[in-house]
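One structure is given below, encoded as structure tokens.
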């Protein structure tokens, strides 16, 4: 037996020299953690029905175990080796277009993920399982009138009516329509089917559209000069039918969404489709209503859909029935046959990064798809990622459009930075709400206006601490403290979901002192606000309270209807939402975003502060923002106070260049996990040796390795974690390196699991 060569694009599972044969050969990407694809012969009976993108069962390994995989290539050719044949079809039809298959290849190569697993992520399982489709039975006449007369001397009137109705048709007819037309019964039809005169087939079809089409309505207001300029440039890119990336950099409240909408309308006028990607389901909820009023056919795609809803939306998009697609991560794969524009709102958001394999970033996949389809991509943000900002200055296919003014020339909110160390010193006690926040929030409520209060940590307290022995209550599976949730009387690990009844005394048998709850969470801030403002209607928004899309919708509806005075929550409330009566925003413990051991920590702090501040003063009421911090001297806060992103970017990029991190170097993170710490460390060290060897063999200049080091979360879900950071000067070098590591088997390890994350957004 001849083993496949390392240079082969596909592997041959069974290769023996023999007589030359000719036929159709299928390239199949198995849904397994294997890097390459395999070739199989296609049985003659299957040649007419097999299509690209279909799932098939193929025999793998020596025992020929039948394994599902995607057909990614079909070619009629001659071969002189024995190929195992394709076993059977799994799908009745192909659910992947050639464009999506090519996109899958690009994603698999860039993010070091097997092609089969990548294609599985692109097409929803609900689509392949035909969820939501209606079963429609069709009938057609298969016997001639002479054959019918020869079998029976007398035919009843009901039977004759059915035969007459079918005899004039060349295509099958829906049985329900047939019975209604002939006033016959199902029993009569069953009789002639039993005689063999009529054949019945079943098809899965889209049900009738239940939602009403909305009439397209244009607003009465006009775009300002900067908006018009931005729209003209984007429309020019649409008209040119060429790939480009436009960074729409505009302050919060400048009307970026209106530019997206009008640009998408231009694509629709040309007979094309458009996709708008948003990072959070809560943002989708508010945007859907606005888009539905502006476009006649809108498809919504996000994780909150049922399987049937997801399947039906996907099929209607593929059929061209839906012109506009709005959604979160998976919407980037919407199978639009006439795609003309992709807009990515809040492109800097880390939630655009998929945290399971394939670990793609939606923004970058949208750009890959734009190159493939030769269409423009629009990236919008008031605080763009530093990678995008840098590319908009240094890449020929990128450009930057600036909108510096808010709609109606509304002023930016005034930001107050409160030094909580001074506050504690003057009041001689720890406080949650500073005097400035108390005063301005009280004034806001007295005017009948609304407020947002951000505390970017869930729960009541984030730590249970014993002042006597200094022990703290930690998760038994992870190297983190448990978070107290008083509403349910439990302390929870937010990583592995471990729950324990919250103790009141120290669990150390030699101590037994009373435990103290320290730190803040949204639940505690909500309780303190209720004490200070007993008449205020307060609602908490975090992942503990918002477990379903309907919860988001209800909260948004109530807040827009002014049934809620104060919305307190995590970063869910900080981004993208537009409430005209919000005039006050408070940030409690702003330092938490900057405490992460991550080179992006200050960038995230600036983004969060700017985004949450942008929720205030979006109508006639002027905005006031109070940011409470223990470290007011942090540059990120100083720049956020002045709403000066360009200055922040310039300062931060200088630091990034000095230390050699993105956007100046490409980064990949490899994480190894094992229940035994010694094994995790030893395997990480061995991996570093193999990566060094591959770098040397490929002669990759300016490529280096950091680590191995214990991860910031060194123990998670009972597994010890070590990571290795690989840096290359270019993305092409990273692809070359990861591909060679896969080919050489260098990423195989004795550790329990290994994760390869190319372009990571977090190093936790």
Q. When you go through 727, 735 one by one, which is the residue that is assigned to a strand (DSSP E or B) and either surrounded by 15 or more Cβ atoms within 10 Å (Cβ to Cβ) or modelled with pLDDT under 90 (or both)?
A. 727
Q) Which residues, counting only those in the range 102-116, are outside any loop (DSSP other than H, G, I, E, B) and touching a helix residue (DSSP H, G or I) at 6+ places or on another chain (Cβ under 7 Å)? A) 102, 103, 104, 105, 106, 107, 108, 109, 110, 115
Q | Exclusive hit being in a helix (DSSP H, G or I), buried (at least 21 other Cβ atoms within 10 Å of the Cβ), under 29 Å from the mean Cα position of the chain (by Cα) and not assigned by TED's automatic domain parsing to the domain that holds residue 252, set 636, 684 | A | 636
Q) Residue check, residue 23 against (1) out of contact with any helix residue (DSSP H, G or I) (no Cβ under 8 Å at 6 or more places or on another chain); (2) farther than 25 Å from residue 734 by Cβ; (3) modelled with pLDDT under 85; (4) part of a strand (DSSP E or B), all met but one. Which one? A) (1)
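Any chance the range 54-67 includes a residue that's in a loop (DSSP other than H, G, I, E, B), crowded, with 16+ Cβ neighbours inside 10 Å and in contact (Cβ under 8 Å) with a residue 12 or more places away in the chain?
Looking through the range 54-67, at least one residue is in a loop (DSSP other than H, G, I, E, B), crowded, with 16+ Cβ neighbours inside 10 Å and in contact (Cβ under 8 Å) with a residue 12 or more places away in the chain.
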Q: Within the range 85-119, work out how many residues are in contact with a strand residue (DSSP E or B) (Cβ under 6 Å, 6 or more places away or on another chain), surrounded by 17 or more Cβ atoms within 10 Å (Cβ to Cβ) and modelled with pLDDT under 90.
A: 3
Q. Any residue in the range 383-395 that is more than 23 Å from the chain's Cα centre (by Cα) and crowded, with 20+ Cβ neighbours inside 10 Å?
A. no
Q) Any chance the range 279-297 includes a residue that's modelled with pLDDT of 80 or more and under 23 Å from the mean Cα position of the chain (by Cα)? A) yes
Q. Quick one: how many residues across the range 319-355 are in contact (Cβ under 8 Å) with a residue 12 or more places away in the chain, within 23 Å of residue 764 (Cα to Cα) and surrounded by fewer than 24 Cβ atoms within 10 Å (Cβ to Cβ)?
A. 5
Q.
Residue under question is residue 276, and the condition is that it be assigned by TED's automatic domain parsing to the domain that holds residue 242, modelled with pLDDT of 90 or more, closer than 24 Å to residue 246 by Cβ and surrounded by fewer than 22 Cβ atoms within 10 Å (Cβ to Cβ); does it hold?
A. no
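Rundown of residues vs (1) touching a helix residue (DSSP H, G or I) at 6+ places or on another chain (Cβ under 9 Å); (2) touching a residue at least 24 places away in the same chain (Cβ under 8 Å); (3) in a helix (DSSP H, G or I); (4) crowded, with 18+ Cβ neighbours inside 10 Å, yes/no style:
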residue: 608; (1), (2), (3), (4): yes, yes, yes, yes
residue: 626; (1), (2), (3), (4): yes, yes, no, yes
residue: 632; (1), (2), (3), (4): yes, yes, no, yes
residue: 640; (1), (2), (3), (4): yes, yes, yes, yes
residue: 649; (1), (2), (3), (4): yes, yes, yes, yes
residue: 652; (1), (2), (3), (4): yes, yes, yes, yes
residue: 658; (1), (2), (3), (4): no, no, yes, no
residue: 667; (1), (2), (3), (4): yes, yes, no, yes
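Residue-by-condition table, conditions (1) touching a helix residue (DSSP H, G or I) at 6+ places or on another chain (Cβ under 6 Å); (2) modelled with pLDDT of 70 or more; (3) closer than 28 Å to residue 584 by Cβ:
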| site | (1), (2), (3) |
| --- | --- |
| 465 | no, no, no |
| 541 | yes, yes, yes |
| 557 | no, yes, yes |
| 572 | yes, no, yes |
Q: Evaluate the following for residue 549: is it in the same structural domain as residue 430 (by TED's automatic domain parsing), under 30 Å from the mean Cα position of the chain (by Cα) and at pLDDT below 65?
A: yes
Q | Exclusive hit being under 25 Å from residue 600 (Cα atoms) and more than 25 Å from the chain's Cα centre (by Cα), set 705, 755, 695, 691 | A | 705
Q | Qualifying residue in the range 726-748 (condition: under 25 Å from residue 477 (Cβ atoms) and not assigned by TED's automatic domain parsing to the domain that holds residue 356) | A | no
Q.
Please verify whether residue 713 is in contact (Cβ under 8 Å) with a residue 60 or more places away in the chain and outside any helix (DSSP H, G or I), treating the condition exactly as stated.
A. yes
Q) Of all residues in the range 408-426, which are in a helix (DSSP H, G or I) and touching a helix residue (DSSP H, G or I) at 6+ places or on another chain (Cβ under 8 Å)? A) 423
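The values are calculated or read from the model by the stated rules, or taken from the named source; none is laboratory data. Bear in mind the structure is a predicted one, so any value in this text is a computation, not a measurement. Every residue, glycine as well, gets a Cβ built from its backbone with ideal geometry; the counts of neighbours run over all protein chains shown.
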